[in-house]
Amino acid sequence: MAPEYNPLAIEPKWQKRWTEDKLYQVTEDPSRPEWYALTMFPYTSGDLHIGHWYAMAPSDVHARFKRMQGFNVLHPMGFDAFGLPAENAAIKHGIHPYTWTMKNVENMRRQLKTIGAIYDWDREVITCLPDYYRWTQWFFLKLYEAGLAYRAKAPVNWCPKCQVVLANEQVIDGGCWRCETQVIRRALNQWFFKITRYADELMKHEGLDWPERIKTMQKNWVGRSEGAEICFDIDGNTGQQETIKVFTTRPDTVYGITYVVLAPEHPLVEKITAPDRLNEVNAYIESSRKRTEIERLSTEKEKDGVFTGAYAINHVNGERVPIWIGDYVLLSYGTGIVMGVPAHDQRDFTFAKKYGLPIKTVITPPDWRGEELSEAYIDDGIMVDSGPFSGMPSSEGRSKVTEYLSDKGWGNFSVSYKLRDWLVSRQRYWGAPIPMVYCQNCGIVPVAENELPVLLPTDIEFSHSGESPLKNHQDFLKTTCPQCKGTATRETDTMDTFMCSSWYFLRYTSPGFEQGAFDKEKLKYWMPVDLYTGGAEHAVMHLFYSRFFTKALRDMGLVDFDEPFTKLFNQGTIIVDRQKMSKSRGNVINPDHYVSTLGADVVRTYLMFVAPWEQGGEWNDSGISGINRWLNRVWNLSLEEYRPSGETDSSALKEFEKNLHQTVRKVTQDIDSIHFNTMISAMMEFTNFLTRVKETGLVSRKDWDEAIRCLLLMLAPSAPHITEELWQLKGYPYSIHNQPWPKWDEAKTREEELTIAIQVNGKLKGKINVPATASKEDVLKKAMEENRVFSYLKEKTVVSTIYVPGRIVNLVVK
């Protein structure tokens, strides 16, 4: 009798052995090809749920597979440990953020170790520790030296509940990305990174194996538009000559301008507003400050505005058009001014109708006879009432008008972007302090590199004032100017936590290195990341920022590659009762329960079998029980005695070898292409086949043992503990995870006979079996002789035949 499969004894035993033997310790080895497989590290929320496992276990399977293929694999793990939740926990529970965070790290590390992954824990990084954020601060200084970090007063997104500034990317449908509270606008001095300098490069993804939707999302976030910048003179109220500039993608409509709109916060508004319009304009400005950018740009919000009493002169026709302010125009986008062409922009059309502004058609719709438009015509047509350009196709007019404006000095060709610079200031404690000081004599001065890290003080008091609690900590606040040695104050804002995660993948290559953020030689060996896995929700935040960061470091000469992640794979989501898991719904699946009852191998294997990894699927207890039964079958099949019948059967051996080699090929191809569910299905089918073979005993013990050996090797990445135990019980040398991946013989995978489906006019009419070497002519002949098909074809004419080799014959008849 085979010993009973007991995962609760087997799994901790092997995890302990692997740790003691440093089986998964990784070092650079130039004699082997490297493979850097990285899963997005988790935030230190306290507990791993099954969604974390769904991100981590399958990625470990693929990394193990590459290791068995002979690659030197780096598959590290760490913790994204700064952030607002820790600070909120400190306020709520009266516990220090560091204590709360490190307690969570300890628990999550324990949970992660039960997965049985090949993480080299000597390479762990924790972003809230000084030995890490020292280098986060160093990178800030380097960005500042390169002119990529700057301080400016700007309207910002403010979450009144979290009491923190949010980047545009962190405002979702007008709400805070963490707590969903409606965001408001405030003006504050902030630190920014000049990500816009890399706008064009960030739109390009050449050489990257990334999902198309992620590339599209990033391109849309950059929002590059080609057009013209057009100048207008202001008439009235300023007492001096003023010029405004407008960016447009439709310079062909310039003759149709009937008004101009400025953003309410534009500095010219105060200068140009007529005295009798001042009260209404100021009231509108105050009202707009209470609306977020998302609300102001919402397509559902009715566009409104007020007239300033000033006018702009349209140079192309000399017309005097009114200047309005409207909060659907943002100072941070383009020039903060838009031209109103209501006949050819639906937003402008609606605005003009609301306020009785003229609507002047300058691009003709098809069959237009001069009648009033019922809606804006936004397509191309023939230009009319457009001076020398009348009669010209508008598609041609765009460039011709811009050339004309340029010749006259009234405009020029221009490019505009939706992308804004990355706001990195956060008015909170639990983040990496920004390493800058303010001196009355020297102004803004960077902290000297040899004084890093600027440490967070441990004795801190929290409040709901909206200011950083560091502002009230005198020992932190007061310092010495690095230049003049006079009295100075520290910057009290900390960095956006996305700064920490924009370079952590570099630190994994040499986490203990003290002479720099990374060892350049080790970085050169490992980077860029070969396979990066994680959620698609990071498309325009973490992934975008990491790409910017890498390109900036490249231009500083710190790295020699353009992109951090060569291949990106986004896993789907595990749902429960057709809903996403959440604590509020009470449907969070804790993996610890299943690991402590069924074992980690069962959980790992089920997560790969439940659905295609990129799609995600429904958690189902009966499904995981099925996987448990299957692994028990593998256990018994591997250890129970095989009794050959003693009969020689060459056809049975051929069938046996064909199934074995087909399975090795299928599993190899599926695991390599990240089709984990079909990989598991293929091994299940193979165990069913082996069960039938065991009953007949028609192959030799040697052939049987080889099949079991290959099955264990194929299963090892998915279920590392049970396969290690079986490998030892079978008497093979330790460890199965150091063995080479099995190979298949293509000649032995070939079918001797093929089953061909026969369709007539696309409908299945029968099937035939033909030799695998049969020609197309032989297949077609036999297809038309098949009984049902032969009867159906009587008194009909075959007008064409379609043959998909080895699969289908389709006869088109009439």
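The values are calculated or read from the model by the stated rules, or taken from the named source; none is laboratory data. Quantities reported herein were computed from a predicted structural model and do not represent experimental measurements. For neighbour counting, all protein chains shown are included, and Cβ atoms are generated from backbone atoms with ideal geometry for every residue, glycine included. What goes into the accessible areas is simple: the full protein's heavy atoms, side chains included, and nothing from ligands, DNA or RNA. Shrake-Rupley method; radii C 1.70, N 1.55, O 1.52, S 1.80 Å.
What is the angle, in °, between the Cα long axis of helix 394-408 and the longest principal axis of the Cα atoms in the chain? Nearest 10 is fine, range 0 to 90. With both axes taken from Cα atoms, the answer is about 40 degrees.
May I have the convex hull volume per residue, in Å³, for the Cα set of region 499-556?
On the way: hull volume 5.4 nm³, N = 58.
Spread over its residues, the Cα hull of region 499-556 gives 92 Å³ apiece.
The local environment of N317, defined by Cβ-Cβ distances under 15 Å, has a net charge of -2 under the rule Lys, Arg +1 and Asp, Glu -1.
Between the residues H96, T19, W619, the greatest Cα displacement towards the positive end of the dipole of the chain, with unit charges on the Cβ of Lys, Arg, Asp and Glu, is found for W619.
The relative contact order of region 383-428 comes to 19 percent, based on Cα pairs under 8 Å that sit 6 or more residues apart.
Only four residue types carry charge here, +1 at the Cβ of Lys and Arg and -1 at the Cβ of Asp and Glu. Report the dipole size of region 483-623 about the Cα centre in Debye, rounded to the nearest 20. Mind dumping the intermediate values first?
Working: 15 positive and 18 negative charges, 50 e Å.
I would put it at about 240 debye.
Annotation: the chain has a Kirkwood hydrodynamic radius of 31.8 angstrom, from the mean reciprocal C-alpha pair distance. What's the magnitude of the charge dipole for region 668-762 around its Cα centre, counting Lys and Arg as +1 and Asp and Glu as -1 at the beta-carbon? Answer in Debye, nearest 20. Value, rounded to 20: 260 debye.
Pairs from the list K666/K702; K767/K814; K13/K666 with a Cα-Cα gap above 25 Å: K13/K666.
Quick check: residue separation of T573 and K478 times 0.36 nm, minus the Cα distance between them. What number comes out in nm? Write out the running numbers ahead of the final one.
Values: separation 95, 0.36 × 95 = 34.20 nm, distance 4.79 nm.
Extending this stretch completely gives an extra 29.4 nm.
Taking 28 Å as the limit for the C-alpha separation, the pairs K22/K103; K113/K219; K153/K583; K694/K763; K245/K418 exceed it in the case of K113/K219; K153/K583; K694/K763. Ranked from largest, the principal axis spans of the Cα set of region 1-134 equal 56, 45, 26 Å. Positive end of the dipole of region 669-737 (Cβ unit charges, origin at the Cα centre): among P733, W704, S681, the Cα lying farthest that way belongs to W704. Considering region 624-761 at the alpha-carbon level, its Rg and Dmax are found to be 15.8, 58 Å. With R₀ fixed at 45 Å, the C-beta to C-beta distance from L188 to M684 puts the FRET efficiency at about 0.15.
When peptides 660-672, 506-518 are ranked by their average number of other Cβ atoms within 10 Å per residue, the highest-first order is 660-672, 506-518.
Restricting to DSSP H runs of at least four residues, report the calculated mean residue ellipticity at 222 nm for the chain, -39500 (n - 2.57) per run over all residues, nearest 500 deg cm²/dmol.
On the way: 27 runs with 297 residues, N = 814.
Result for the chain, helices only: -11000 deg cm²/dmol.
Counting only protein heavy atoms, what percent of the accessible surface of the chain is carbon or sulfur at a 1.4 Å probe?
Values: 17350 of 36100 Å².
Carbon and sulfur atoms account for 48 percent of the accessible area of the chain.
Note down the Stokes-Einstein diffusion coefficient of region 157-308 in µm²/s, whole number, using a Kirkwood radius over alpha carbon pairs, 10 °C, and 1.306 mPa s.
Details: Rh = 18.9 Å.
Answer, rounded: 84 µm²/s.
Compared with the alpha-carbon gap, the fully stretched path from K113 to M556 is longer by 155.7 nm at 0.36 nm per residue.
The label point for N620 and the one for R788, both projected 7 Å from the Cα toward the Cβ, are 3.0 nm apart.
Hey, what's the chain come to in accessible area per residue, 1.4 Å probe, Å²? Kindly include the intermediate steps, with their values, before the conclusion.
Working: 36100 Å² over 814 residues.
With all protein chains present, the chain gives 44 Å² per residue.
Placing +1 on the Cβ of every Lys and Arg and -1 on the Cβ of every Asp and Glu, with nothing else charged, gives the chain a dipole about its Cα centre of roughly 880 debye.
Let's test the formula: R0 of 22 Å, r as the Cβ-Cβ distance of T648 and T755. What FRET efficiency results, to the nearest 0.05?
Working: r = 28 Å, r/R0 = 1.26.
Here the calculated transfer efficiency is 0.20.
Excluding same-chain neighbours fewer than eight residues apart, the aspartates and glutamates reachable from K580 by a Cα-Cα span under 12 Å are E618.
So, by mean Cβ neighbours within 10 angstrom, what's the order for 79-90, 592-603 with the highest one leading? Intermediate values should be presented prior to the final figure.
Details: 79-90: 23.3, 592-603: 20.2.
Highest-to-lowest ranking by the protection proxy: 79-90, 592-603.
Here, region 465-512 has an Rg and a Dmax of 15.6, 41 Å when only alpha carbons are counted. Full extension of the chain between D47 and N282 gives 79.6 nm of extra length, using 0.36 nm per residue less the Cα-Cα distance. Where does helix 7-20 land angle-wise versus the long Cα axis of the chain, in degrees 0 to 90, nearest 10? Once rounded, the angle reads 70 degrees. Between the alpha-carbon centres of region 704-718 and region 509-588 there is a gap of 33 Å.
Take S775: with every protein chain present and a 1.4 Å probe, its accessible area is about 40 Å².
With each label modelled as a point 7 angstrom along the Cα→C-beta vector, the K92-R17 pair spans 4.3 nm. Look at the dipole of the chain built from charges on Cβ: of T550, Q579, S650, the Cα furthest out on the positive end belongs to S650.
Using the per-residue mean of other Cβ atoms lying within 10 Å as a proxy for protection, in what order, highest first, do the peptides 49-60, 30-41 fall? Kindly include the intermediate steps, with their values, before the conclusion.
Details: 49-60: 23.1, 30-41: 18.0.
Ranking the peptides 49-60, 30-41 by packing returns 49-60, 30-41.
Once the Cα atoms of helix 212-222 and of the chain are each reduced to a long axis, what angle between those two axes, in degrees from 0 to 90 to the nearest 10, is obtained? It works out to around 10 degrees.
Can you sort E229, E685 by 1.4 Å-probe accessible area, starting with the largest?
Correct descending sequence by accessible area is E685, E229.
Based on alpha carbons, the Rg and Dmax found for region 637-683 are 14.2, 41 Å.
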